[in-house]
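The values are calculated or read from the model by the stated rules, or taken from the named source; none is laboratory data. Nothing here was measured: the structure is a model prediction, and the numbers come from that model. Cβ placement follows ideal geometry from the backbone for every residue including glycine, while neighbour counts extend to all protein chains displayed. These area figures cover heavy atoms from the full protein model, side chains too; ligands, DNA and RNA do not enter into them. Shrake-Rupley method; radii C 1.70, N 1.55, O 1.52, S 1.80 Å.
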Amino acid sequence: MEKRSKGNVDSPTLVVDRISNLPDSILLEILSLLPFKSIATTSVLSKRWTNLFQHFLIHTDCLDFGQVFARPQRQQQFIDTVNRYLKLHNRDEIQKFRLLFYPNLDYQVHADKWLEFAIQRSVKELDFDFCGTAAFDDDQHDLRCLELPDLLYSSNSPLTHLKLGQFYFDPPLAFTGFASLVSLCLRRVNITEDTLESVLMKCPLLTVLSLCECHSLKYIRILGAKEFPLERLFVGNCYQEEALTIDVWAPNLKSFHFFGYLSYDSLFLEAPALEDVYLISTKFPCNILEDDYIHILSCVHYITILTVGTGALEVITSAVDDSSEDLPVHLPNLQELQILLEEPLDEDCLSYFYGFFKNTICPCLEKLFIELFADRYHMQQSDQKERVAEELASTCSFDNLKIVKITNFCGSKTEMRLVKSFLSKSVSLELMMLVAAKNSEMEKQIAHVKNSGTSTVLDELLILPKASNDARVVLCGDWEADSRNLRHKHAKSAGALQHVEIVDGWPRMKSDI
């Protein structure tokens with residue numbers, strides 16, 4: 001490319017394309033670091049870039065036809081593009097094959113073709129999801145499940161990670177298992193209880209199991225031997241007509257996450273190595289017995305990390321009126337607690353909050369994360385309920401609490417009283433972080449403070465009495481919170497209501513499965 005000479009000072013400066021001057025080997029290395037969609041886009045730049053893309057496509061061991069790739073194509077365009085790219089691919093083996101598409105039985109023939117392509121190339125990580133994505137919105141969903149080819153169940157399969165969405169999972173009688181499988185994630189998969197139990201027993205290396213919206217499952221039974229390696233179990237919104245029964249004996253299980261219908265006699269969990277539990281129960285159509293959470297938390301009393309929702313607070317608080325013999329609940333090892341409020345923090349909810357801590361003994365609790373409900377409309381206040389909440393607050397103590405983080409903070413009367421309780425009762429408190437609700441008036445005030453240096457709410461917070469001389473109060477916007485690197489282990493976990501983060505239809509954890 002022509003450059004301006006040193007002597008010709010009046011000539012215009014020409015931009016030098018330094019990227020294109022790089023050798024092909026380096027450009028191919030750069031391409032390997034980009035999303036597949038971005039790599040495909042480079043092919044329109046020039047003939048050289050077209051050749052580079054084709055060379056990359058022929059030799060890559062990772063094919064990703066996910067949601068980003070799908071935009072803005074319609075279904076038939078997507079099918080044609082995928083088929084064209086697969087025809088160019090020339091490797092005998094691939095590490096990863098990922099494809100997200102639309103739920104429709106008309107696409108069964110394409111699903112078979114794409115799966116066979118991946119399996120015949122000894123794919124290690126297969127993510128094949130026909131649950132539909134936001135990228136495709138021009139047709140009606142067909143929620144019937146597709147069939148899986150028998151080739152998937154091959155006895156010499158090298159699969160280590162398998163994700164399936166919107167399929168029947170029905171291995172043939174000759175199926176001997178997935179000898180190398182480490183992670184199995186099923187979403188909207190039609191599978192029987194006996195088949196699931198049988199498959200799990202034929203996966204000797206399985207450490208991660210995720211079952212999401214598998215509505216055909218009425219119960220989940222995992223009865224592993226002493227050497228059964230399962231470490232992480234995720235169950236979300238499976239059987240919906242009544243409480244899902246979960247019967248688990250997993251000696252190496254460390255993490256259990258559950259979202260769905262729950263009752264006191266539907267969970268049998270024997271997991272002596274369990275460390276963290278995420279437990280959100282939806283509202284059941286009938287009356288739930290009030291000792292659900294008391295029974296379940298007592299069964300996992302040795303855990304160190306816990307997430308619960310409003311239901312747990314209400315059940316444990318209400319059980320006091322029934323003179324429950326199982327109170328208080330003892331959680332002697334609990335270090336981190338996250339509470340996800342599924343309703344506004346009114347006087348009733350504030351009473352549930354204090355009642356929970358009055359009747360739950362957590363002597364080692366150091367970190368508390370509270371996510372307030374984002375919708376503040378229709379909050380009802382009454383002087384009588386306020387007195388009840390204050391009486392419960394007076395019975396609580398937080399002797400070892402060091403960090404409190406409250407998100408979706410708006411500075412309401414009840415929120416300020418909650419903050420005041422923590423500051424006045426936490427003798428070891430080091431940090432109280434209040435994260436304003438996104439796009440709220442509080443967030444606008446914080447932005448204004450950075451310019452003017454004044455804030456009524458912040459001034460009010462700073463003069464609240466503190467039991468700890470070391471306690472700092474930080475009021476920040478949603479955009480600042482993550483930069484402070486203070487997150488609960490279950491942040492962005494699959495769970496209830498607005499607390500869910502689903503990426504391409506799958507729950508994503510801080511340490512993603």
Quick one: if the Förster radius is 25 Å, what FRET efficiency do residue 62 and residue 108 give, using the C-beta to C-beta distance and rounding to 0.05? 0.45
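Could you give the length gained on full extension between residue 71 and residue 374, defined as 0.36 nm per residue of separation minus the Cα-Cα distance, in nm?
106.1 nm
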What number of lysine-lysine pairs in the range 74-220 show an alpha-carbon separation below 16 angstrom, given a sequence spacing of 8 or more or placement on distinct chains? 4
Subtract the Cα-Cα distance of residue 84 and residue 155 from 0.36 nm times their separation in residues, and report this length gain in nm to one decimal. 22.6 nm
The range 184-285: GluC sites (Glu not before Pro) falling in loop per DSSP and having at most 15 other Cβ within 10 Å: 227, 241, 242
Of 113, 124, 254, which has the most accessible area with a 1.4 Å probe, and how do the rest follow in descending order? 113, 254, 124
Given a Förster radius of 30 Å and the C-beta distance between residue 364 and residue 394 as r, what FRET efficiency does 1/(1 + (r/R0)^6) yield to the nearest 0.05? 0.85
FRET efficiency (residue 223, residue 441; Cβ distance; R0 60 Å; to 0.05) is 0.65
Equivalent ellipsoid, the range 113-250 (semi-axes from 5 times Cα gyration tensor eigenvalues, Å): 23, 21, 13
Sort 354-363, 295-304 for me by packing, meaning the mean count of neighbouring Cβ atoms within 10 Å per residue, highest on top. 354-363, 295-304
Accessible area per residue of the range 137-229 at 1.4 Å probe, in Å²? 45
